[in-house]
Amino acid sequence: MSLMTADEAGAVLPAGHTAYTPGVDDLADLARLLRRHEQEARGWPGADSETVAAEVTGRGATTHLHEAVRDPDGVLRAWINCHDRAAGRILVGVTVDPDLPDAQADPLAAYGFARAEDLGREVLDRRGLERTQLDSGAFADDHRQQRWLRTAGYRHVRDWWQMVRPVDRASDLEQPPLREGVEIHRVRRDEGVGMPDEADLHAVHDVLEHSFADHFNSYRETFEEFVGRLREDPGHRWDHWWLATVDGQPAGALVATTVTTRVGDDGVARPDSSYVEYIGVHRRARGRGVAKALLRTVIADAAARGRGSVGLEVDADSPTGAHGLYLSMGWRTRYTTQSWHRALSVAGSAPVAG
């Protein structure tokens, strides 16, 4: 193992390596590193340069703190990414070159997670907070990443099923009638263009806040944080927001994004897909068929657009039994991810209590 040097913040950077804030010239290397990590850890790559650019230099850059690490030969070996998601929540990504042996990768991972704490404290200082939650993740089969997380003091707290449903244009365009009193519409916009009606956006936010209040790790996200964060995604489209009402009252909401599929590594071009970022039904409206109606709506929309599939994520221990609904409607689990948490304070940090 190479000699180590300590940086001024206390994180230890392997000798000869350089750490710095990445810019436009680093985007291609960052995307390639992330794709190689996904290939090794999950079995196929999914990241694209557009998403990386949005986080590093685009609209999402204001809520992300990044650090890139290159070896003595100038090769990108690690990427630390901290996303200031909301007050009290920071998403942490530490990506290390999957081709490096443990003797070289372990020190880089240790440095990355230590630097994530430094960056997290910058967020605390900026927000004027004393404490936050660091939320990182790993693919279920990525045992090396899990080992690094455990060593850094994170705790495995949840599993998430990443599900996908193929779209059949011949049959999915047709939708059965809604139950009595249930209506669904896209968020309203003046003549279908421009910014959406603010009342509809607030209704979507309020419904989702109420519907997730009894879910795992629920926390309050302001309206501004919610809308701003979703707009950072390159796949964001205002015409992918739907609001459901029951007897005239807001009762459910679904927000989806566009996933642009480029030619795969096998040279085969695949159609774009839709991804359900959020679906929620207010507790007062559960049992009225709202969730199923919203899902049928996004499926029909994907079919009308000629898309190949609709993806979503579900809590493996969801209290609402959502997994059963998704299975009944044709979704199947493609892979599983994990959430790992650690508490961070201005003075220090400690693993989250289980």
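The values are calculated or read from the model by the stated rules, or taken from the named source; none is laboratory data. What you see is a predicted model, and the numbers here were worked out from it, not measured in a lab. Because the Cβ atoms are built from the backbone with ideal geometry, glycine has one as well, and the counts that use them run over all protein chains shown.
When the residues of the stretch 282-335 are filtered to those that are in contact with an Asp or Glu (Cβ under 6 Å, 6 or more places away or on another chain) and not in a helix (DSSP H, G or I), which remaining residue is nearest to Gly252 (Cα to Cα)?
Ala316
Tally up the residues in the stretch 221-250 that are closer than 19 Å to His83 by Cβ and within 17 Å of the chain's Cα centre (by Cα), please. Outline the logic, then answer.
Just the residues of the stretch 221-250 that are closer than 19 Å to His83 by Cβ, to begin with: 221-236.
Subsequent filtering for residues that are within 17 Å of the chain's Cα centre (by Cα) retains 221, 225-236.
Of the residues in that region, 13 qualify.
Can you find even one residue in the stretch 92-106 that is farther than 24 Å from Asp141 by Cα and touching a strand residue (DSSP E or B) at 6+ places or on another chain (Cβ under 9 Å)?
In the first step, residues of the stretch 92-106 are kept if they are farther than 24 Å from Asp141 by Cα; the result is none.
Checking the stretch 92-106: not a single residue is farther than 24 Å from Asp141 by Cα and touching a strand residue (DSSP E or B) at 6+ places or on another chain (Cβ under 9 Å).
Take the residues of the stretch 23-52 that are touching a residue at least 60 places away in the same chain (Cβ under 8 Å) and of a type in the set (A, V, I, L, M): which is surrounded by the fewest Cβ atoms within 10 Å (Cβ to Cβ)?
Ala41
Which of (1) closer than 30 Å to Thr62 by Cα; (2) not in a loop (DSSP other than H, G, I, E, B) is the odd one out, the single condition Pro234 does not satisfy?
(2)
I'd like to verify a number: residues in the stretch 143-182 that are polar (S, T, N, Q), surrounded by fewer than 15 Cβ atoms within 10 Å (Cβ to Cβ) and either touching a strand residue (DSSP E or B) at 6+ places or on another chain (Cβ under 9 Å) or assigned to a helix (DSSP H, G or I) (or both), how many? Break it down stepwise before answering.
So the first thing to find is which residues in the stretch 143-182 are polar (S, T, N, Q), and the list is 145-146, 151, 162, 171, 175.
Next, only the ones that are surrounded by fewer than 15 Cβ atoms within 10 Å (Cβ to Cβ) stay: 151, 171, 175.
Subset that is either touching a strand residue (DSSP E or B) at 6+ places or on another chain (Cβ under 9 Å) or assigned to a helix (DSSP H, G or I) (or both): 151, 171.
Residues flagged as polar (S, T, N, Q), surrounded by fewer than 15 Cβ atoms within 10 Å (Cβ to Cβ) and either touching a strand residue (DSSP E or B) at 6+ places or on another chain (Cβ under 9 Å) or assigned to a helix (DSSP H, G or I) (or both) within the stretch 143-182 amount to 2.
Report every pair of residues separated by at least 6 positions or lying on different chains whose Cβ atoms are under 6 Å apart, first residue within the stretch 167-178 and over 16 Å from Asp272 (Cβ atoms), second among the basic types (Lys, Arg) and modelled with pLDDT of 90 or more.
As it stands, the answer is Gln175/Arg296, since those pairs meet every condition given.
Can you list the strands (runs of 3 or more DSSP E) lying wholly within the stretch 12-115 that have 2 or more residues being assigned by TED's automatic domain parsing to the domain that holds Phe139 and touching a Cys at 6+ places or on another chain (Cβ under 9 Å)?
Working: elements: 12-14, 18-20, 64-70, 76-86, 89-96.
Answer list for the stretch 12-115: 64-70, 89-96.
Restricting attention to the stretch 133-145, report how many residues are under 18 Å from the mean Cα position of the chain (by Cα) and more than 15 Å from Thr95 (Cα to Cα). Spell out how you get there, then give the answer.
Applying the first criterion (under 18 Å from the mean Cα position of the chain (by Cα)) to the stretch 133-145 yields 133-140, 142, 145.
If we keep only those that are more than 15 Å from Thr95 (Cα to Cα) as well, we get 133-134, 140.
Residues in the stretch 133-145 being under 18 Å from the mean Cα position of the chain (by Cα) and more than 15 Å from Thr95 (Cα to Cα): 3 in total.
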